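First up is the structure itself, then whatever we jot down about it.
The values are calculated or read from the model by the stated rules, or taken from the named source; none is laboratory data. On a predicted model such as this, the values are computed, not experimentally measured, just so you know. Glycine gets a Cβ as well: all are built from the backbone with ideal geometry, and neighbour counts include every protein chain shown.
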């Protein structure tokens, strides 16, 4: 019997999760549609005044991206838990950290990344000045990854509950707030023409912290959720 | 032969109801153990404890003479737990599912080995079909194919006969006997009377050991 290294197992999880997400469709399309629809509703609700919209655009884009990301979070471990493949993962002789990291990465690639790629288009709809768009994309790239990590902790804690949706948002939303503050502040600074790099750097620091610690918390939470 | 799995004075309760108390079981290579008992008597709970998924117990579990909690990695490489969940992703094909299951164990398999396992469970021609297009019994067989492509010496089978036809039940019994013949250990729960021409230890969780 040939043994696989940790990196090969990491790739196997990533490929399997991406495949099943792409085949089921709704999993990655729903948050994206939500993001697009809500963002296009704002100009209709607030009015087409370009100056007013431009002022609100960074906040709107960030808040809606955050909600869309939270929507996607619940499905992270749900189907694996229901069909029993989560148990197979927990019974792996491999260290849990890389396995959980692969799952979160796959989830981000199907939920967070599409949001980031679509955000410039929605920024145009919301009349955001072009000077803010690159920073918006970068802040969303880092920020949505942090949201995926935090969301994974909440999803792991609530996966054993039959109706965990509301509890999940209560656990996760307070932890999302720093990301929202720094993310939208960076975009506003870029639009106002003041320094935005320190704010982005803070987001980067949060990201590093999440990468280092969140998978450990997720692995522990999954073990507790399955132990019943 | 030396005892591989030794359970001493195991106690577990659920919702303040005692499932089993002072349960002691020894299992040696080549032995088959059937857990019996009415619904809710703790069969699945015991298997989950032995799989390492549940920590709701008191007592000692030894693996190869050492406490189990000191050797999870070794134990997980050799133990195969077959839960009563489907264990497969419906969107993926049988081959993709099995390859992932093997990867979870850190085990590299070739396509040939996966197709051989599917052949054995009677799904030779279904390897490239998405599992949701298969019947419940066939999906169960995809999950059973794990027994043949994963390298293990201890099978923990939770209701392996669910949704399987009569001929399939006889086949699974044959596989279990064959596996035990080769030195494997099997612990399974089922309500179905086993027709295996090897001695089967029967543990009744509702009552005592017979």
Is it the case that residue B:80 is closer than 21 Å to residue B:149 by Cβ, crowded, with 21+ Cβ neighbours inside 10 Å, more than 8 Å from chain A (Cβ to nearest Cβ) and in contact with a strand residue (DSSP E or B) (Cβ under 7 Å, 6 or more places away or on another chain)?
yes
Please tell me if residue A:153 is under 22 Å from residue A:64 (Cα atoms), within 14 Å of the chain's Cα centre (by Cα) and exposed (fewer than 14 other Cβ atoms within 10 Å of the Cβ).
no
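Can you find a residue that is within 14 Å of another protein chain (Cβ to nearest Cβ), surrounded by fewer than 20 Cβ atoms within 10 Å (Cβ to Cβ) and closer than 26 Å to residue B:148 by Cα anywhere in region B:22-41?
no
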For region A:209-228, which positions are within 12 Å of chain B (Cβ to nearest Cβ) and either surrounded by fewer than 20 Cβ atoms within 10 Å (Cβ to Cβ) or touching a strand residue (DSSP E or B) at 6+ places or on another chain (Cβ under 7 Å) (or both)?
A:223, A:224, A:227, A:228
Among residues belonging to region A:88-143 that are surrounded by 17 or more Cβ atoms within 10 Å (Cβ to Cβ) and part of a loop (DSSP other than H, G, I, E, B), point out the one that is farthest from the other protein chains (Cβ to nearest Cβ).
A:127
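Based on this model, can you work out whether residue A:50 counts as within 30 Å of residue A:132 (Cβ to Cβ), modelled with pLDDT under 95 and under 22 Å from the mean Cα position of the chain (by Cα)?
Answer is no for this residue.
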Among the candidates A:33, A:66, single out the residue that is more than 14 Å from chain B (Cβ to nearest Cβ) and without any contact (Cβ under 8 Å) to a residue 40 or more places away in the chain.
A:33
Options B:85, B:106; residue that is facing chain A (nearest Cβ under 9 Å) and closer than 25 Å to residue B:169 by Cα:
B:85
Quick check on residue B:116: is it part of a helix (DSSP H, G or I), at pLDDT 90 or above and more than 23 Å from residue A:82 (Cα to Cα)?
yes
Checking residue B:72 against (1) crowded, with 20+ Cβ neighbours inside 10 Å; (2) within 12 Å of chain A (Cβ to nearest Cβ), the condition it does not meet
(1)
Conditions (1) under 24 Å from residue A:26 (Cα atoms); (2) out of contact with any strand residue (DSSP E or B) (no Cβ under 7 Å at 6 or more places or on another chain); (3) surrounded by fewer than 22 Cβ atoms within 10 Å (Cβ to Cβ): number failed by residue B:100:
(3)
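On the basis of being modelled with pLDDT under 90, in contact with a helix residue (DSSP H, G or I) (Cβ under 8 Å, 6 or more places away or on another chain), within 21 Å of residue B:143 (Cβ to Cβ) and within 13 Å of another protein chain (Cβ to nearest Cβ), does residue B:52 make the cut?
For residue B:52, the condition - modelled with pLDDT under 90, in contact with a helix residue (DSSP H, G or I) (Cβ under 8 Å, 6 or more places away or on another chain), within 21 Å of residue B:143 (Cβ to Cβ) and within 13 Å of another protein chain (Cβ to nearest Cβ) - is not met.
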Quick one: which strands (runs of 3 or more DSSP E) lie wholly within region B:1-106 and hold at least 2 residues that are under 14 Å from the mean Cα position of the chain (by Cα) and within 29 Å of residue B:195 (Cα to Cα)?
B:32-36, B:79-82
